[in-house]
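These notes are about the structure you will find just below.
What follows draws every value from the coordinates through simple rules; no lab data is involved. All values derive from a computational prediction rather than experimental measurement. Positions of Cβ are generated from backbone atoms using ideal geometry, with glycine treated the same way; all protein chains shown enter the neighbour counts.
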4 protein chains.
Amino acid sequence: MSGEGSARWEQAIHWPMLLASFAWLVAYSWSVIAVPVGADRTLALAVMGVTWVFFVVDYVVRLVQSGGHLSWVRGHLWELLVVALPMLRALRLLQFMTLAPGLRRSAGTALRTRIAIYGAGAALLLVYLGGLIVLDVERRAPGGNIDTFGDAIWWAFVTLATVGYGDFYPVTMIGRTVAVGLMLSGIAVVGVVTATLSSWIIERAALGRDDDEPSTRGQLRAVARQIDDLARRLGEPGDGTAEKEDA
Amino acid sequence: MSGEGSARWEQAIHWPMLLASFAWLVAYSWSVIAVPVGADRTLALAVMGVTWVFFVVDYVVRLVQSGGHLSWVRGHLWELLVVALPMLRALRLLQFMTLAPGLRRSAGTALRTRIAIYGAGAALLLVYLGGLIVLDVERRAPGGNIDTFGDAIWWAFVTLATVGYGDFYPVTMIGRTVAVGLMLSGIAVVGVVTATLSSWIIERAALGRDDDEPSTRGQLRAVARQIDDLARRLGEPGDGTAEKEDA
Amino acid sequence: MSGEGSARWEQAIHWPMLLASFAWLVAYSWSVIAVPVGADRTLALAVMGVTWVFFVVDYVVRLVQSGGHLSWVRGHLWELLVVALPMLRALRLLQFMTLAPGLRRSAGTALRTRIAIYGAGAALLLVYLGGLIVLDVERRAPGGNIDTFGDAIWWAFVTLATVGYGDFYPVTMIGRTVAVGLMLSGIAVVGVVTATLSSWIIERAALGRDDDEPSTRGQLRAVARQIDDLARRLGEPGDGTAEKEDA
Amino acid sequence: MSGEGSARWEQAIHWPMLLASFAWLVAYSWSVIAVPVGADRTLALAVMGVTWVFFVVDYVVRLVQSGGHLSWVRGHLWELLVVALPMLRALRLLQFMTLAPGLRRSAGTALRTRIAIYGAGAALLLVYLGGLIVLDVERRAPGGNIDTFGDAIWWAFVTLATVGYGDFYPVTMIGRTVAVGLMLSGIAVVGVVTATLSSWIIERAALGRDDDEPSTRGQLRAVARQIDDLARRLGEPGDGTAEKEDA
């Protein structure tokens, strides 16, 4: 029953959570890029605070629904981290993207197209969020050299692509942690691009040589039916499957 | 009828468009590298202007042929971008290369050879064009450090290979956008090289073990013919395909 | 008998060796990061010395068990290197990880999960150890620019990901050798990520097209049983395998 | 007859050419690293001169044997380049390595082992030769920053691994051309490592699921023999292959 309630909660909360993550990202972006003061600053902080309460409530509801077991906490560390660190909240947008139904079911070219679209979306979100956090922390750090939003996004791209000119680089612990995350994402991007191309080239390289292609399951089923038919004509109908008697 | 007219137009315009793109690239290269003055400058600008008019006419003709629908504009955003940004025009040369008939039809080693040739050509064109645009915009930018054609091409190679020494780097929005394009192209180049090698190694690693290779469609067709033949000898000729009656 | 004794020795020494490697790494880490003085320094050096003696004894025992042949020495150069260079000792922790039974036996998704976990563990250990050694040697070098543990770990990550900002770089022979090791590890990490994703995408891209899939060995065995059964009905039982007489 | 003479010449010249390439590399290394003066310098130049004459003679002999046709020159541009540019001569050592018989014939794990060994050897030779040439030209260049052999080899590794710290970088046309060559080699190294791992993982990921594996050619040949045998028992011996009569 708690599993049923949990599934109902997740379904009901799906879109509100997506909106809350988006609202938080907009408020955080505004507060970092425009550095608002007075009433504007209060508004940005208020939106971030309200959405944060929203995330805490979601976490607590799900914890209670699971029966408050420690094993649930251990199995959902990412959810705890998202509650503790507001910086990571916006990545929930990615998490929702992963849940997109299409990505799970498709095959062949459709799969490759979806992987490419999802990969590009994830990379852009990571560059945007990474640049934002690094600008937020590096701007205030002594010896920091990333001071404008343009430089931060440029630095994030240079890091994700593992180019690393060295015209900008983070000097704080948080900035460097974000940088490591971007580097690892960059390695994953290279991997996704290469793997997708590999799948395409390997499939393409096998075209146009039908007789040399691996025989298919459909072909073999047809042969099994031929033999079955032959057996029937010999007076004793087969049953459509090979008999398993020892010879 | 409009589809037919559009196909005729595209066929008729294929080579003139290629020439116009090439002429534009030569004129732009000349104006950026040699920085001509007086009559020379007028000539370069004239060639660029005439070819630009050519691109606009092509776009308008195709828009009219499609019936002027907004859906055509939405489905051909790249063509609109090429008209709006002269910098992107030369990439049309790549677009034509993609249309090369051979690339579409080959398999196995032939496919890999064509991918390698096309990939190398695309990479060189991107380095040349990227270097050119960056030189054009960075030379005039305050704080810019890319001042000669040699430095610009060197920087473009260092960026495409994702090495990024940091001896040269762009400081303008346009220069950085070009740099991101080169980085992404570099990741694609790594992907293409790896995928092509993978396809080759996976094919090679399976050689010399014929009995352990997947059985082929040709083999299975031969077996189906054997059974068919056997059935015929039993008095009732098969029809060459497995019969689909339920057993 | 010496082979048997050697296997018994390796089994008996497995866990003590793992502990000794770990103890050495802790002592070395402490001496490099905290730069202890007085009694603390003596303790760290004592632990490192005792574990070193432990490694020498292991090497000598295994050399004697092999009969002291030069061919054994030639075939176990890594073990000799580990004895000669204390810096490499901690990599034994990796060596033990490689021996984990699970990694050898699994297939498909289980294999990919284990490769990912092992790869991530190996990369983290290499970054930690690389940063430690580089800090140890670069801190004392004239012109060296890596002075704190945080900078050393940051530099190791930037090197492994082949980003190379250039904000920190080694200037000594040992530091540069470690850097080359980290770069090669980084290339291997990219390779492992890409290969694992490739295997997954290639498997996924083939899903949902059962009739077009290569026919399986199980299917073919069923067909062979069908034919066998048919032959038996014709009066002469087959023996369950194809007869090898020339036709 | 000229083809026969050419094959005989190539066989006779195989080992002397390898030795000459090696002698040239030793002499060039010595002249660049040790900067010998007086009689030593004369000796180094003499060795380089003699081996250069050797390469010219080989080229001329092969040109004459081919009948002096321009088509031969066009098909052997690399050989012409090697004669014209002494810097490229040592790469002949790689060319010979490619001709190693083992690399052509092996499959599976043996193929992967050979690819790894050959790739590592090629990468080391490229780093050594690249470092040497860059040291030779950059040392004398105004604004050049690569002055010692150690720095040159370090720079070559940093470039091959596409790390690019930027602590050293070439400023001359020749140095940058060598750098581009090293970068492309680095991309190839990443590709080879990834492709080899992919081939291994894809093979491994399929293990332990024998019934789900593609049926083999050996299996299908056994089934064909079973049917053949069955046909023989029905009074009309088959001929061991499927008959090609239309049904």
Check C:THR216: other-chain or 5+ apart residues with amide H under 5 Å from its amide H, H built from backbone geometry? D:SER215
Put a label point 7 Å from Cα along the Cβ direction on D:GLY75, then list its distances to the equivalent points in the other copies in nm, shortest first. 4.8, 4.8, 6.9
Can you pull the mean other chain C-beta count within 10 Å for peptide B:151-158? 4
Starting from the range B:1-87, pick out the chymotrypsin sites (Phe, Trp or Tyr not before Pro) whose DSSP state is loop and whose Cβ has at most 10 other Cβ atoms within 10 Å. none
In sequence order, calculated HN-Hα J values of the range C:73-83 (Karplus, 6.51, -1.76, 1.60; Hz; x Gly/Pro): 4, 5, x, 10, 5, 4, 4, 5, 4, 5, 5
How far is D:LEU88 from the same spot in each other copy, in nm, shortest first, if each label point sits 7 Å from Cα toward Cβ? 3.8, 3.8, 5.4
At 7 angstrom along the Cα-to-beta-carbon line, where would the label on C:ALA46 sit relative to the other copies? Give the distances in nm, shortest first. 6.5, 6.5, 9.2
Amide H partners (placed H, <5 Å) of B:TYR169, local residues excluded: B:ASN145
Virtual spin-label span in nm between D:VAL64 and A:HIS69, 7 Å along Cα→Cβ: 8.9 nm
Which shape class, rounded, prolate or oblate, goes with the range B:111-165 when its Cα gyration tensor gives a ≥ b ≥ c as root eigenvalues, a/c under 1.5 marks rounded, and past that a/b bigger than b/c marks prolate? prolate
Karplus-derived HN-Hα couplings along the range D:154-164 (A = 6.51, B = -1.76, C = 1.60, θ = phi - 60°), whole Hz, x at Gly and Pro: 4, 4, 5, 5, 4, 6, 4, 7, 6, 7, x
May I ask for the net charge around B:LEU63, where only other residues with Cβ less than 15 Å from the Cβ of B:LEU63 are counted and Lys, Arg are +1 while Asp, Glu are -1? -1
May I ask for the net charge around B:LEU182, where only other residues with Cβ less than 14 Å from the Cβ of B:LEU182 are counted and Lys, Arg are +1 while Asp, Glu are -1? 0
Going from the fewest other Cβ atoms within 10 Å to the most, one would list D:THR216, C:THR159 as D:THR216, C:THR159
Across the range C:127-137, in residue order, what do the Karplus-derived ³J(HN,Hα) couplings come to in whole Hz, using 6.51 cos²θ - 1.76 cosθ + 1.60 with θ = phi - 60° and x for Gly and Pro? 5, 4, 5, x, x, 4, 5, 4, 4, 4, 8
How compact is the range D:100-209 by the rule of thumb for globular proteins, expressed as Cα Rg over 2.2 N^0.38 Å? 1.34
Using a 10 Å cut-off around each Cβ, can you sort A:GLU138, A:GLU10 from fewest to most neighbouring Cβ atoms? A:GLU10, A:GLU138
Rg and Dmax of the range A:1-89, Cα atoms only, in Å: 15.1, 49
How do B:ILE202, A:ILE146 line up, fewest other C-beta atoms within 10 Å first? B:ILE202, A:ILE146
